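Encoded as structure tokens, the structure appears first; notes follow it.
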Amino acid sequence: MVTVKKMSNINLAKKVISILKQNGYEAYMVGGVVRDYLLKMPVSDIDITTNAKPYQVSKLFKTKPTGVKYGTVTVYLGTNAFEVTTYRIESEYQDNRHPEEVSFEATVEDDVKRRDFTINGMLMTEALEIIDYVGGKADLQAKMIKTIGNPIDRFNEDALRIMRAFYFQAKLGFQIDKETREAIHTLRGKLLEISNERILMEMIKMFKGPYLKKAIHTMITTGVHEVLPGLKEGLLYVNTLEEMPYIDNFFTLSFALHGSIPNEWKFSNKHRHRYETGAYLAKQPQPYDPYTLYTYGLDFCLLGNRIAYILGYAPNLKQTIEKEYQQLPIQSDLDLKLSATEMIEAVGKKAGAWVKQLQTKMVIEILNRRLVNEKEALRAYAISEQKE
Ligand code: ATP
Ligand code: MG
């Protein structure tokens with residue numbers, strides 16, 4: 001099923017190319033699609049490179065202007081989308097080569113040479129022929145991740161490529177070429193200039209890779225673990241493990257080891273809260289006491305224990321935690337059998353901060369099984385507590 005769908009995507013890409021060619025333009029599939037096609041791997045998204053300008057592409061297809069500034073439009077064919085990008089040249093290179101040219105037209109060869117790695121720099125025609133200006137085929141055969149051109153220059157242009165090298169290693173299990181690895185080591189500090197959102201995006205992809213362990217190992221041998229805020233201890237730790245954690249668990253355990261979440265990481269509030277709470281709970285005594293189970297809830301307590309388990313702080317207590325949580329005499333203050341209104345009525349005092357305080361006291365008494373969660377018992381407790 002899946003393969004049929006992927007094949008038909010390539011067939012549709014062939015159709016996009018053929019329409020562009022019929023209209024006098026050049027067009028090729030490029031990048032990941034060519035690499036994955038040659039590796040007989042499922043193709044995720046299909047990029048097409050062309051000498052047609054975005055406005056010319058949009059005259060021929062149903063399109064959306066996804067990144068016209070960078071020459072990209074998304075072309076729709078039925079429910080399938082293709083990123084169609086006009087040939088580009090790395091701007092510095094362009095300046096050096098054609099200083100006085102005003103409107104320089106990039107060729108397809110320029111376009112592949114501005115790309116990151118040789119295995120990502122191959123072109124494929126409508127007839128599925130491979131055109132390789134960068135030695136990508138040989139490197140694919142040798143299972144090698146190698147920058148197109150001098151790695152020092154290429155990482156200086158864009159340090160995110162450092163993270164991309166690790167992503168492709170995690171995805172494909174390839175080696176990173178020695179010179180490329182040395183340049184990563186030399187220029188790793190430049191990652192500090194890259195926005196953390198972009199680094200995070202590459203890390204999320206990396207953590208889905210079947211060869212993640214290999215990539216993490218290279219991150220350490222190239223010293224990249226030292227420049228990612230708050231992740232050094234976590235990377236060194238998981239490098240000693242057989243099995244790699246999911247990314248959320250990795251961040252949680254890293255920040256537990258580091259002691260805080262560096263502000264550079266622009267996580268959503270939800271994720272930050274999750275990592276913070278998980279890291280805190282990982283270090284709490286386990287199994288958790290009823291008040292901790294009640295306060296943080298089942299999911300966070302399970303997370304805390306999972307992290308503690310990975311870190312060797314506690315045994316795997318999943319079942320105990322689930323059972324003890326289910327057996328809590330009360331799981332939320334909404335479960336209190338005496339409502340706030342009834343409490344105010346019973347005590348005969350004006351509503352105020354005391355209501356919340358009294359509810360908390362009741363919950364603690366119930367959790368410690370010194371009070372039963374029944375209306376009459378709670379009413380009597382409320383009156384006796386508020387007498388003075
Ligand atoms: P994936 O399977 O993850 O989609 P991909 O190779 O298609 O892998 P993309 O991030 O989709 O990677 O980028 C598409 C292509 O654009 C790459 O194959 C590469 O040729 C080029 N590219 C992407 N990012 C960069 C970059 N930072 N520098 C140079 N070229 C890049
Ligand atoms: Mg892609």
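Between Lys15 and Asp299, what FRET efficiency follows from the Cβ-Cβ distance if R0 is 45 Å, with the result rounded to 0.05? It would help to have the intermediate numbers written out before the result.
Working: r = 47 Å, r/R0 = 1.04.
Efficiency, rounded to the nearest 0.05: 0.45.
Where is the GNM fluctuation largest for the chain (alpha-carbon springs, 10 angstrom cutoff): Ala215, Ala314, Ala142?
Ala142
Can you pick out the pairs among Lys53/Lys205; Lys266/Lys323; Lys113/Lys178; Lys213/Lys323; Lys21/Lys69; Lys270/Lys350 whose Cα atoms lie more than 28 Å from each other?
Numbers: Lys53/Lys205 30 Å; Lys266/Lys323 36 Å; Lys113/Lys178 20 Å; Lys213/Lys323 34 Å; Lys21/Lys69 23 Å; Lys270/Lys350 36 Å.
Long pairs (Cα-Cα over 28 Å): Lys53/Lys205; Lys266/Lys323; Lys213/Lys323; Lys270/Lys350.
Work out, in µm²/s and without decimals, the Stokes-Einstein translational diffusion coefficient of the chain at 20 °C, 1.002 mPa s, Rh from Kirkwood over C-alpha pairs.
Values: Rh = 25.2 Å.
Taking Rh from Cα pairs, D becomes 85 µm²/s.
Quick one: plug the Kirkwood hydrodynamic radius of segment 246-344 (C-alpha pairs) into Stokes-Einstein at 10 °C, 1.306 mPa s, and report D in µm²/s. Mind showing how you got there, number by number?
Details: Rh = 14.5 Å.
Result for D is 109 µm²/s.
Starting from the residue with the highest accessible area, list Leu192, Leu140 in decreasing order, probe 1.4 Å.
Values: Leu192 120, Leu140 20 Å².
Output order, biggest surface exposure first: Leu192, Leu140.
Looking at the P(r) of segment 333-387, how many percent of alpha-carbon pairs lie beyond 16 Å? All intermediate terms of the calculation are to be shown ahead of the outcome.
Numbers: 429 of 1485 pairs.
Here the tail beyond 16 Å accounts for 29 percent of pairs.
Mean 1/r over all different Cα pairs, inverted: what Kirkwood radius does segment 242-286 give, in Å?
10.9
Going by accessible area, probe 1.4 Å, with all protein chains left in place, what is the ranking of Arg370, Arg198, Arg161, largest first? Mind showing how you got there, number by number?
Numbers: Arg370 150, Arg198 105, Arg161 20 Å².
Result, largest first: Arg370, Arg198, Arg161.
Compute from the Cα atoms of segment 142-297 the Rg and the Dmax, the latter being the longest Cα-Cα distance, and quote both in angstrom.
Answer for segment 142-297, Rg first and Dmax second: 17.0, 61 Å.
Specify the residue with the greatest mean-square fluctuation among Val347, Val238, Val112, computed from a Gaussian network of the chain linking alpha-carbon atoms under 10 Å apart.
Largest GNM mean-square fluctuation: Val347.
Roughly how many Å is it from the Cα centre of segment 299-348 to that of segment 223-276, as a whole number?
Going from one Cα centre to the other spans 26 Å.
Okay, helix-only estimate at 222 nm for the chain: each DSSP H run of n ≥ 4 adds -39500 (n - 2.57), divide by all residues, round to 500 deg cm²/dmol; what do you get?
Values: 19 runs with 202 residues, N = 388.
Calculated from helices alone, the mean residue ellipticity at 222 nm is -15500 deg cm²/dmol.
To the nearest 10 Å², what's Thr360's accessible area with a 1.4 Å probe?
Surface open to solvent at Thr360 totals about 60 Å².
Percent of Cα-Cα pairs more than 18 Å apart in segment 143-228, please. Show your work: numbers first, answer last.
Values: 1219 of 3655 pairs.
It works out to 33 percent of all Cα pairs.
Solvent-accessible area of Thr222, probe 1.4 Å, all protein chains present, reported in Å² to the nearest ten, please.
Number for this one is 0 Å².
Taking only protein heavy atoms into account and a 1.4 Å probe, give the accessible area per residue of the chain in Å². Before the final figure, lay out the partial values.
Details: 20240 Å² over 388 residues.
In whole numbers, the chain has 52 Å² accessible per residue.
Can you list the aspartates and glutamates whose alpha carbon is less than 18 Å from that of Lys62, not counting same-chain residues fewer than 8 positions off?
Partners found: Asp45, Asp47, Glu83.
Which sequence of Thr341, Thr118 reflects their accessible areas, 1.4 Å probe, from the largest down? Provide the component values of the computation, followed by the final result.
Details: Thr341 100, Thr118 5 Å².
If we order Thr341, Thr118 from most to least accessible, we get Thr341, Thr118.
Taking Cα atoms, how many degrees apart are the long axis of helix 160-172 and the longest axis of the chain, rounded to 10 and kept between 0 and 90?
For 160-172 against the chain, the angle is about 80 degrees.
Give me the accessible area of Tyr275, 1.4 Å probe, in Å² rounded to the nearest 10.
10
I want to verify a result. In a Gaussian network model of the chain, Cα cutoff 10 Å, which of these has the top mean-square fluctuation: Glu157, Glu233, Glu365?
Glu365
Can you pull the three principal axis extents for the Cα set of segment 288-388, in Å, largest first?
Computed over the Cα atoms, the extents are 52, 22, 20 Å.
So, in Å, what gap is there between the alpha-carbon centers of segment 199-219 and segment 147-183?
13
Counting Lys and Arg as +1 and Asp and Glu as -1, what is the net charge of the other residues whose Cβ lies under 15 Å from the Cβ of Glu324? Don't skip to the answer; put the middle values down first.
On the way: positive: Lys318, Lys323, Arg369; negative: Asp289, Asp299, Glu322.
Net charge in that neighbourhood comes out at 0.
The values are calculated or read from the model by the stated rules, or taken from the named source; none is laboratory data. It should be emphasised that the depicted structure is a prediction, and the values quoted were computed from it without experimental measurement. In this analysis, Cβ positions are derived from the backbone assuming ideal geometry, glycine residues included, and neighbour counts consider all displayed protein chains. Remember, those area values only see protein heavy atoms, side chains included, never the ligands or the DNA or RNA. Shrake-Rupley method; radii C 1.70, N 1.55, O 1.52, S 1.80 Å.
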